[in-house]
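Reviewing the structure listed below.
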Amino acid sequence: MDLLARAFPLLIDALGMTLFLGITSFLIGSVIGMTVALARLFGGPVLRAIAIGYVSIWRGTPLLIQLLLVYFGLPQFGIILQPVPASIIALSLHAGAYLAENFRAGILSVDKGQWEAAYSLGMPFPRAFRRVAFPQAARVAIPPVGSRFIALMKDTSLASVVTVVELTAVAESIGSSTFRYLEMFAIVAMIYWAINSLLSLGQEVLERRLARAY
Amino acid sequence: MDHGADCPVSVAGLHKRFGALEVLKGIDLDVQRGEVVVIMGPSGSGKTTLIRCINFLEEPDAGRVRVCGMEVPCGGKTKTRARARHIREIRTRAAMVFQHFNLFPHMTALGNVIEGPVSVRGMPKAQAEALGERLLARVGLADKRDEYPSRLSGGQKQRVAIARALAMEPEVVLFDEPTSSLDPELHEEVLQTMRELAGEGMTMVVVTHEVGFAQDVADRIVFMAGGVVLEEGPPAEFFANPKHDRARSFLRLVARGSTYADAGANGAARTDALLPADGRQE
Ligand SMILES: Nc1ncnc2c1ncn2[C@@H]1O[C@H](COP(=O)(O)OP(=O)(O)O)[C@@H](O)[C@H]1O
Ligand SMILES: [Mg+2]
């Protein structure tokens, strides 16, 4: 496999970039998602409206358009971003909209009596949330959040459109210079699949650990 | 001196409505230190709402609620930080035992009991665990310290919930139908725990239809109907000679166990024997 030998170092770097995009965007997206979920559930009317609007827009438009807007559109306002930060911003905001809904559903699944028991012990809201509601919400939210992480990993391939050198871009460039498209795209497909299999496994382990308590 | 000033619980002129429905229409209730007050009354008469107003799980619309000398203005529109802090302080003094236990499912029995001491009272974990073990032993569940609530029976759950309430070392414990969601054969273990608590001098406000418990343990029965206190008095008096028709018909229903699942088999038998013959006419 001469091709593989030549492609290998490039693929390793590209894999690193894909993982970097996916994990960073997931972490930032989670912070956005939790903030938006809390704003929507517990905020005043203004915060709620902003949260609802954000989720509606970022879930209701294609990720590719969002990415192009951030990368090509923002420079018109004088905001010029490098491809990697632009991709991370678009991916984080996109994932954040979905994660907000996952977190919100998780928090809403916590029985009212749990909050009341926490409050009746004299806990203020943040502590009741952290100690009582969040662990129970997490258990409910983990399956959809895991699915979102996996979807996000695949979505990183769109960053190739704005010239980020990640797996898809590398497959395409080696493919075009060697005319071995089939092999190259099959190889990166396998790599995505391997990453996401590991993520699924991690999700399962986490679910089992949280279920142990019940 | 202000009336009821040194009572653990002092409620005066309490009003509460949910939308168009006026649930509490001016309730007065003073609970003395060490007193056990049992609140009875038909479903929907506002018993739950009353005890939830005492620790501000429900916001009263008007009137006065004072717990251990602490008073938070009722019905005000201003929700300041200081007010919220006062309410939390009141909640640590007036602990609550719920009809459906509301144990934290992701914590062990001991974890449930020490949660308040550790995260609210700031007690060191080792000290809280010692306290928690003592309390679990006191409700007869020392061997269940590491079990999660899902592995406990209903009666055991409610006893853990009682231990959790006691862990705050409260001045008064509020019980909202603590046996109503239990199978009849599990009532007695919970009632026994409550009897012991009363015997140790704990101030208790108990909403219950357990006539046997009320007769043995209560210092006073408060009978509510339609959002007011219709009558109150020592249990011997109340059960032997209820003054109002509504109290009489209520006691008959409880005795038959026809409206309340929690009147249970032995509760029913006991009440029947104790009901005055003339209470059965009409
Ligand atoms: N949060 C609420 N919103 C609207 N109505 C309520 C609420 N809580 C209680 N109620 C109503 O108030 C009345 C009294 O309820 P409750 O205090 O639970 O009575 P009890 O405990 O004596 O059965 C009932 O008619 C009930 O439906
Ligand atoms: Mg009730």
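The values are calculated or read from the model by the stated rules, or taken from the named source; none is laboratory data. It should be emphasised that the depicted structure is a prediction, and the values quoted were computed from it without experimental measurement. FYI the Cβ positions are ideal-geometry reconstructions off the backbone, even for glycines, and counts take in every protein chain you see.
Only residues that are more than 16 Å from ligand 2 (Cβ to nearest atom) and of a type in the set (A, V, I, L, M) were counted across the stretch B:37-88, and they come to 8. For the stretch B:78-90, name all the residues that are assigned to a helix (DSSP H, G or I), surrounded by fewer than 18 Cβ atoms within 10 Å (Cβ to Cβ) and more than 8 Å from chain A (Cβ to nearest Cβ). Correct list: B:Arg81, B:Ala82, B:Arg83, B:Arg85, B:His86. Filtered by the rule that a residue be more than 16 Å from B:Thr193 (Cα to Cα) and among the hydrophobic types (A, V, I, L, M, F, W, C), the stretch B:124-139 gives B:Ala126, B:Ala128, B:Ala130, B:Leu131. Every listed requirement among (1) of a type in the set (A, V, I, L, M, F, W, C); (2) more than 10 Å from chain B (Cβ to nearest Cβ); (3) in a helix (DSSP H, G or I) is met by A:Leu81 save one, (3). The conditions of being assigned to a loop (DSSP other than H, G, I, E, B) and in contact with a Gly (Cβ under 6 Å, 6 or more places away or on another chain) are not met by B:Gly75. Going through (1) outside any helix (DSSP H, G or I); (2) closer than 25 Å to A:Leu67 by Cβ one by one, A:Ala213 falls short only on (2).
A:Ser160 satisfies every condition listed in (1) in a helix (DSSP H, G or I); (2) within 14 Å of chain B (Cβ to nearest Cβ); (3) without any contact (Cβ under 8 Å) to a residue 24 or more places away in the chain except (2). Applying a threshold of 6 Å to beta carbon distances and a minimum spacing of six or more residues, or different chains, the list of pairs starting in the stretch B:91-108 at a residue that is more than 7 Å from chain A (Cβ to nearest Cβ) and ending at one that is in a loop (DSSP other than H, G, I, E, B) and of a type in the set (Ser, Thr, Tyr) reads B:Gln99/B:Ser180; B:Gln99/B:Ser181; B:Thr108/B:Tyr148.
Please find, within the stretch B:216-231, the residue that is nearest to ligand 1 (Cβ to nearest atom) out of those that are crowded, with 19+ Cβ neighbours inside 10 Å and not aliphatic (A, V, I, L, M). Looking at the filtered set, the residue picked out is B:Gly227.
Could you please find all residues in the stretch B:48-72 being of a type in the set (D, E, K, R) and either crowded, with 24+ Cβ neighbours inside 10 Å or part of a strand (DSSP E or B) (or both)?
If the condition is that a residue be of a type in the set (D, E, K, R) and either crowded, with 24+ Cβ neighbours inside 10 Å or part of a strand (DSSP E or B) (or both), then B:Arg64, B:Arg66, B:Glu71 are the ones that fit.
Out of the stretch B:233-259, which residues are within 16 Å of ligand 2 (Cβ to nearest atom) and of a type in the set (S, T, N, Q)? The answer is B:Thr259, and nothing else. Cβ-Cβ distances below 8 Å connect the following pairs, each with a first residue in the stretch A:76-87 that is surrounded by fewer than 16 Cβ atoms within 10 Å (Cβ to Cβ), a second residue that is outside any loop (DSSP other than H, G, I, E, B), and a separation of six or more residues or different chains: A:Ile80/A:Leu74. Scanning the stretch B:127-158 for residues that are away from chain A (no Cβ under 13 Å) and basic (Lys, Arg), we see that the one that is nearest to A:Ala133 (Cα to Cα) is B:Arg145. Scanning the stretch B:50-99 for residues that are within 16 Å of ligand 1 (Cβ to nearest atom) and acidic (Asp, Glu) turns up B:Glu58, B:Glu59, B:Asp61. Determine whether the stretch B:18-37 contains at least one residue that is more than 30 Å from B:Asp183 (Cβ to Cβ), of a type in the set (Phe, Trp, Tyr) and either more than 17 Å from the chain's Cα centre (by Cα) or modelled with pLDDT of 95 or more (or both). Scanning the stretch B:18-37, I find at least one residue that is more than 30 Å from B:Asp183 (Cβ to Cβ), of a type in the set (Phe, Trp, Tyr) and either more than 17 Å from the chain's Cα centre (by Cα) or modelled with pLDDT of 95 or more (or both), so the answer is yes. Within the stretch B:109-126, the residues that satisfy the criterion of being farther than 18 Å from B:Val160 by Cα and more than 9 Å from chain A (Cβ to nearest Cβ) are B:Gly122, B:Met123, B:Pro124, B:Lys125, B:Ala126. Would you pick out the residues in the stretch A:103-128 that are free of Cβ contacts under 8 Å to residues at least 12 places away in the same chain and part of a helix (DSSP H, G or I)? A:Lys112, A:Gly113, A:Glu116, A:Tyr119, A:Ser120, A:Pro126, A:Arg127, listed by residue number.
Listed by first and then second residue, the pairs with beta-carbon distance under 6 Å, at least 6 apart or on different chains, first residue in the stretch B:57-68 and within 14 Å of chain A (Cβ to nearest Cβ), second buried (at least 21 other Cβ atoms within 10 Å of the Cβ) and assigned to a loop (DSSP other than H, G, I, E, B), are B:Cys68/B:Pro8. Annotation note: Cβ proximity below 6 Å between a residue of the stretch B:24-49 that is more than 14 Å from every other protein chain (Cβ to nearest Cβ) and a residue that is near ligand 1 (Cβ under 7 Å from one of its atoms) and small (Gly, Ala, Ser) (sequence gap 6+ or interchain) occurs for B:Leu24/B:Gly46; B:Lys47/B:Gly41. Does B:Glu169 satisfy the condition of being at positive phi and either within 13 Å of chain A (Cβ to nearest Cβ) or surrounded by fewer than 23 Cβ atoms within 10 Å (Cβ to Cβ) (or both)? Yes; evaluated as a whole, the condition is true for this residue.
For the stretch A:203-213, the candidate set comprises residues that are touching a residue at least 40 places away in the same chain (Cβ under 8 Å) and surrounded by 11 or more Cβ atoms within 10 Å (Cβ to Cβ); within that set, the residue that is nearest to the other protein chains (Cβ to nearest Cβ) is A:Leu210.
Tell me whether the stretch B:40-60 contains one or more residues that are over 28 Å from A:Phe125 (Cα atoms) and in contact with a helix residue (DSSP H, G or I) (Cβ under 6 Å, 6 or more places away or on another chain). Checked against the condition, which is being over 28 Å from A:Phe125 (Cα atoms) and in contact with a helix residue (DSSP H, G or I) (Cβ under 6 Å, 6 or more places away or on another chain), the stretch B:40-60 yields at least one hit.
Is there a residue being under 22 Å from the mean Cα position of the chain (by Cα), over 25 Å from A:Ala194 (Cβ atoms), within 10 Å of chain B (Cβ to nearest Cβ) and assigned to a helix (DSSP H, G or I) anywhere in the stretch A:140-155? No, the stretch A:140-155 has no match at all. Only one residue in B:Gly46, B:Gly34, B:Gly26 is within 16 Å of ligand 1 (Cβ to nearest atom) and closer than 29 Å to B:His187 by Cβ. Which one? The match here is B:Gly46.
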